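Working notes, beginning with the structure itself.
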Amino acid sequence: MNVADSYRVAAALENLGYTPTNLPNQADVIVLNTCVVRESAEQKAIGRLTSLKSLKLKNPDLVLNLMGCMVGVHGYSELRQRYPYVDVFSQPSDPRPLIDHLQGKDLTTAKHQEISDILDTEFAYKLPPTKENAVVTAFLPIVFGCSHACSYCIIPLRRGKEISRPPDEIISDANALVARGVKEITLLGQIVDRYGQDQPGYPTLSTLLRKIHQIKGIQRIRFLTSHPNWMTDIIIDAVADLPKVMPHIELPNQAGDDIVLRNMRRGYTIDQYIKTIEKIKKRLGDVSIATDIIVGFPGESEAQFNRSVDLLKTVRPDMTHVARYSPRPGTYSARKLIDDVPPEEKMRRFRIIEKLQEQISTEINHNYLGRKVPVLFEGKSKDRWRGRTPTNKLVFVDHKENLLGKIMDTKITWAGPWSMIGVIEPASGQ
Ligand code: SAM
């Protein structure tokens, strides 16, 4: 979501005539887009913000914009006091305060109006112009905010309540991305399956997938993140029916024990989660599953943690995003529950999950050896082409010709837990 938001700001800035630089000391404008979902992310953002102070002191004309979940949607007077050298504060997903600041600062009224008119159409989720011909995949937010309120999660407090974007706006953004050469679009939402449910008359996610599927030139569609309560048969059917919708489902579980899940306010049981996974695997066949697990949630005993281990052994996901619980300000768990699992114990549990997932991923990926899979190539890393299978596996290939944006049949010759190596099959491809 933050990558998409950052591109949105970059596109707006480039429309004002700014060009990107990788060197902070050459920049006229620096936007720090922040995540605070875990304490470690917030510490990183604070560290970066503090390090920018000396730049601002050296160059008072530098415009410093703090954006995203650190600012949130409920006011920022405290932040303004703590970081007086920041010029502009903006809520998640909103480039307007920065653009207004820059326009007010530099432009005549006539120029201001002219640019305002352009920006009204340019606030869409487009790629920055300098990304032309270089980006094969793009993220497209379809639901902002979240109204679920898991007991540990700060996102509803910082991104606000769930709001689905109008379908015509999404289709228009998707068309614009495809016109710029994007081949794969990933639709985003905190609970993406809930798309449309908050707005009377809006289509559901499966209907939206069907509409986007019709866009000429789009090759692949993905969506994330799903929630077990909202991953319905209709959505699974849409993935099964629509060849451009990739068989990869991100379905966070968070814990393997029903009492922990209840304390997390997730809204389902382990049994229900496993049944949903079974249904997905049965209907979609060659599908990959990713999940999230939090270790060391308040009160999580050794036995309860072991149930998370057992769950992963049962579900055998292709990927687990594992996080050590950290209390986040304002959340129910931070206010009412005691963070009683010591940091060393959280780390021990974290490593156990990591190691188990590495073993499961290795075993799953070994099944790809010798298989021919269609890989969409997204770019190069150290002279090798980098792409993804429909199941979202990362594949590297040595190849002389330009593969950017192409889907090529690729034979897998080596498979590790996190990536694979392949060769292009000469007789086929596109
Ligand atoms: N919306 C999705 C959901 O809740 O199913 C996932 C979005 S969240 C941005 C990404 C992940 O961060 C969560 O799935 C959870 O595993 C992790 N997370 C959120 N709050 C956390 C906290 N307080 N401590 C540790 N991990 C946390």
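Is the shape of segment 195-245 best called rounded, prolate or oblate, per the rule: a/c under 1.5 gives rounded, else a/b larger than b/c gives prolate, else oblate, with a ≥ b ≥ c the square roots of the Cα gyration tensor eigenvalues?
oblate
By the scheme Lys and Arg +1, Asp and Glu -1, what is the net charge of all other residues having a beta-carbon under 9 Å from that of Thr34?
Working: positive: Lys44, Arg48; negative: Glu42.
Combined, the nearby Lys, Arg, Asp and Glu give +1.
Only bridges with both residues in the chain count here: give the DSSP antiparallel percent, nearest 5.
So the antiparallel bridges in the chain amount to around 40 percent.
Can you compute the charge dipole magnitude of the chain about its Cα centre, using +1 on each Lys and Arg Cβ and -1 on each Asp and Glu Cβ, nothing else charged? Give it in debye, rounded to the nearest 20.
Computed charge dipole of the chain: roughly 600 debye.
Would you look at the GNM of the chain, springs on alpha carbons closer than 10 Å, and say which of Val373, Val295, Val192 moves the most?
Val373
Between segment 304-346 and segment 266-289, what's the alpha-carbon centroid distance in Å?
What the calculation gives is 20 Å, centre to centre.
Can you give the direction-averaged projected area of the convex hull of the alpha-carbon atoms in the chain, in nm²?
Reported value for the Cα convex hull: 22.1 nm².
Leaving out same-chain residues fewer than 8 places away, which lysines sit with a Cα under 30 Å from that of Lys56?
Reachable lysines: Lys44, Lys105, Lys111, Lys126, Lys131.
Taking 26 Å as the cut-off for C-alpha to C-alpha distance, list the pairs among Lys279/Lys346; Lys313/Lys393; Lys281/Lys411; Lys183/Lys400; Lys244/Lys279 that go past it.
Lys279/Lys346
Do any cysteines in the chain lack another Cys Cβ under 4.7 Å, and if so which?
So far as the 4.7 Å Cβ criterion goes, Cys35, Cys69, Cys146 stand without a partner in the chain.
Run the dipole for segment 168-324 about the Cα centre, Lys and Arg Cβ at +1, Asp and Glu Cβ at -1, nothing else charged, and hand back the magnitude in debye, nearest 20. Mind dumping the intermediate values first?
Numbers: 21 positive and 20 negative charges, 78 e Å.
Taking the Cα centre of segment 168-324 as origin, the dipole is about 380 debye.
With springs connecting C-alpha atoms under 10 Å apart, model the chain as a Gaussian network and identify which of Lys275, Lys346, Lys58 has the largest mean-square fluctuation.
Highest fluctuation among the options: Lys58.
For the chain, build the charge dipole from Cβ charges (+1 Lys, Arg; -1 Asp, Glu) around the Cα centre, then report which of Val192, Thr410, Ala176 sits farthest towards its positive end.
Working it through, the farthest residue towards the positive pole turns out to be Thr410.
With unit charges on the beta carbons (Lys and Arg positive, Asp and Glu negative) and the dipole taken about the Cα centre of the chain, which residue among Leu369, Tyr268, Thr314 sits farthest to the positive side?
The residue sitting farthest along the positive end of the dipole is Leu369.
Using the Cα centre of segment 201-242 as the reference point, and only Cβ charges (+1 on K/R, -1 on D/E), how large is the resulting charge dipole? Debye, rounded to the nearest 20.
Dipole magnitude for segment 201-242 comes out near 280 debye.
Values quoted throughout were computed directly from the atomic coordinates according to the rules given, and no laboratory measurement underlies them. Note that the coordinates shown come from a computational prediction; the quantities given were computed from them, not determined experimentally. Quick reminder, even Gly has a Cβ in these numbers, built from the backbone with ideal geometry, and neighbours come from all protein chains shown.
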